[in-house]
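The values are calculated or read from the model by the stated rules, or taken from the named source; none is laboratory data. Quantities reported herein were computed from a predicted structural model and do not represent experimental measurements. Positions of Cβ are generated from backbone atoms using ideal geometry, with glycine treated the same way; all protein chains shown enter the neighbour counts.
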Amino acid sequence: MLLVSLLLHLLIPVLYYTPFFPKREIQKPPVYRVNLVNKPVKNPQAGRPEAVAVKKKPAPKPEPKGKPKEKPKPIPPKPKAVPVKPEPEPKPVPVKPKAEPKKPAVKPKPEPKPAVTKTQESALQKRLEQLRAAQQKKAQEQERKDRLAALKAAAVAESSQVKSPIDDAPVGMVGGKGDEAGPSAIAFVQEFIQQQWSFSKYQATGSPEAEVKLVYNAEGELLHYQFLKKSGNSSFDESLTRAITKSKQLPQPLPEAMDFHIFFNLKDMLDR
């Protein structure tokens, strides 16, 4: 009994501090430079994310074999005889009719305006509000398109400086096993946020790292973000918040509505 009691006393702290369901750690994907001109995909093929998609030139049409047949020369038409126009007869001089005395104009009586009922007035007001709402929605959509066009232009300018270490490499991911040409969505989002990020090297101390959850819709619009783990460096965390706020609209749409767990490491971001 003494031995059993001793074993129970040893097992109790072990069971207390040992979790039954160990926490699954999220694997950190390697950080690559990504060319934002390429659209992100869900299942990227093997390739390089910083490569540029090369448009294939259409194959030239084969020339027909043998000598081309000569077209028969057209026979010119015979000139038509020009008919002789007869001399016109003199026109009769018209006789001006006598002017009749003008009758005084009778002004029509104005018709009484129909009275507008409250129902008609309410319907008119509702219609005006609908027109205002439609115009506002149209203006917001145009503003979104203009902002998206500006983001795409900035992405093209930034990505023109990114060069792939392998010439003529296909667009994809290192170790990709899919069948779609393009970078992975998470690498695309991380690259875009890092391009909006700015941080003074004089503030860099240690190697802080933060984990952030981001939710985007299929149009590339940020719906929600949350710091799952802060770095402990307030300056670094604030710089990430500013970069994420600037990344509310991606320059390319996503394959679908997606959420991401992204690790932002200060050392990796400074070494880019």
Matching residues in segment 30-44 - criterion: being more than 22 Å from the chain's Cα centre (by Cα) and either surrounded by 14 or more Cβ atoms within 10 Å (Cβ to Cβ) or at pLDDT 75 or above (or both): VAL31
Over segment 166-181, the set of residues assigned to a loop (DSSP other than H, G, I, E, B) and not β-branched (Val, Ile, Thr) is ASP167, ASP168, ALA169, PRO170, GLY172, GLY175, GLY176, LYS177, GLY178, ASP179, ALA181
Quick one: how many residues across segment 213-257 are part of a strand (DSSP E or B), surrounded by fewer than 17 Cβ atoms within 10 Å (Cβ to Cβ) and under 15 Å from the mean Cα position of the chain (by Cα)? 3
Is it the case that some residue within segment 182-205 is touching a Pro at 6+ places or on another chain (Cβ under 7 Å), surrounded by fewer than 19 Cβ atoms within 10 Å (Cβ to Cβ), assigned to a helix (DSSP H, G or I) and touching a residue at least 40 places away in the same chain (Cβ under 8 Å)? yes
For segment 166-183, state whether one or more residues are at pLDDT below 95, under 24 Å from PRO253 (Cβ atoms) and basic (Lys, Arg). yes
Just checking, does segment 210-217 include any residue being of a type in the set (Ser, Thr, Tyr), under 23 Å from ASN38 (Cα atoms) and at pLDDT 95 or above? yes
Can VAL156 be described as out of contact with any Asp or Glu (no Cβ under 8 Å at 6 or more places or on another chain) and either at pLDDT below 70 or β-branched (Val, Ile, Thr) (or both)? yes
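Listed residues GLU25, GLU100, GLU89; which is at negative phi and at pLDDT 70 or above?
One residue alone meets the criteria, GLU89.
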